[in-house]
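Report on the structure given below.
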Amino acid sequence: MGNGSPVSPVFSANSKSGNVNMSYGLSVAYEINPRLSIRSGVHKVDYGYDTNDVYFTSSLSALSQNRIANINYAETAENLVVSSSNATLNLDSKSFDVSARSANRSGVMAQQLGYLEVPVELSYALVNNKFGVNVIGGVSSLFLVDNEVDLTSGNLTTQIGEANNVNELNFSANFGIGLGYQFSQKLKLNVEPVFKYQLNTFSNVDGTFNPYTIGIYSGISFKF
């Protein structure tokens, strides 16, 4: 949500798009009464978004003082300078061809973040029979484990570094609907569309860049 950029002010006006990712994990729940339960667990989740219309020029003359403050540059992209559609990405010879036969290229900057998620949620059963409908609400603690910023142009991809303004601990507010089909007294199929609004992903953002996710969570639950 919003029009800002967590990478740099020069990208605030660039269009951005979210990625489809997979997550997996294990949850446990305690039934307070037949309709209300509290649950938690551990999930591995990946989030990503693209900043579109980034342009670069192959060059060996990048100046370190022009680097973006919110990126730690990898050794393989030591000479990298980033800016928006009217400027350039200057890459060393390890990453892109520097023959200057294709001096201006357009690309996509992709930011990938991976977390271990620990949710604490309440689930209330609106319909509690063979076909169940639940309302789900709660919060998640997100512990950062992966942090990568890549540049892709055509078939060429290079890792340019990682974002240094991403908080190691992040929180999200969660709200969703749970749909279930009970095969037996102990075995149940669950499908849960859930909206998660992240509260403090970045420590330094230009504009109003507020990440959120919409996930379809499904699995089998076993009742002890």
**Study point:** Those lysines that a straight Cα-Cα span of less than 27 Å connects to Lys223, excepting residues fewer than 8 apart in one chain
**Key:** Lys44, Lys130, Lys186, Lys188, Lys196
Exercise for review: Please list the non-local residues whose amide H lies under 5 Å from the amide H of Val42, H modeled 1.01 Å from N, same-chain partners needing a gap of 5 or more.
Suggested key: Leu26
Practice item. Step through the residues of the range 142-152 one at a time and calculate ³J(HN,Hα) from phi using the Karplus curve (6.51 cos²θ - 1.76 cosθ + 1.60, θ = phi - 60°), rounding each to whole Hz and writing x for Gly and Pro. Key: 10, 9, 5, 10, 10, 8, 8, 10, 10, 10, 10
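What area, in nm² and to one decimal, does the C-alpha convex hull of the range 120-224 cast on average over all directions?
Values: hull surface 39.0 nm².
Mean shadow area of the hull around the Cα atoms is 9.7 nm².
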Point to revise | Among 152-159, 117-124, the order from most to least packed when residues are scored by Cβ within 10 Å on average | key: 117-124, 152-159
Point to revise | Most to least packed among 161-168, 27-34 [average Cβ atoms within 10 Å] | key: 161-168, 27-34
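Quick one: net charge around Tyr181, please, counting Lys, Arg +1 and Asp, Glu -1 for every other residue with C-beta under 15 Å from its C-beta. Walk me through the numbers before you get to the answer.
Numbers: positive: Lys130, Lys186, Lys188, Lys223; negative: Glu192.
Its environment carries a net charge of +3.
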Exercise for review: With a probe of 1.4 Å, find how much accessible area the range 146-210 has per residue, and write the answer as a whole number in Å².
Suggested key: 51 Å²
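To the nearest 20 debye, what charge dipole does the range 103-202 have about its Cα centre, counting +1 at the Cβ of each Lys and Arg and -1 at the Cβ of each Asp and Glu? Intermediate values should be presented prior to the final figure.
Values: 5 positive and 8 negative charges, 109 e Å.
Here the range 103-202 has a charge dipole of around 520 debye.
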Study note, to complete from the structure: Amide H neighbours of Gly161 at under 5 Å, excluding residues fewer than 5 places away on the same chain, with H built from the backbone geometry, are Ala74, Val149
Point to revise | Amide H within-cut-off set for Asn3, under 5 Å, with H built and near neighbours excluded | key: Thr208
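The values are calculated or read from the model by the stated rules, or taken from the named source; none is laboratory data. The structure presented is a predicted model; accordingly, all values stated were derived computationally and were not measured. A quick note on method: Cβ atoms are made from the backbone with ideal geometry, for glycine too, and the neighbour counts reach across all protein chains shown. SASA here: full protein model, heavy atoms, side chains in, ligands and nucleic acids out. Shrake-Rupley method; radii C 1.70, N 1.55, O 1.52, S 1.80 Å.
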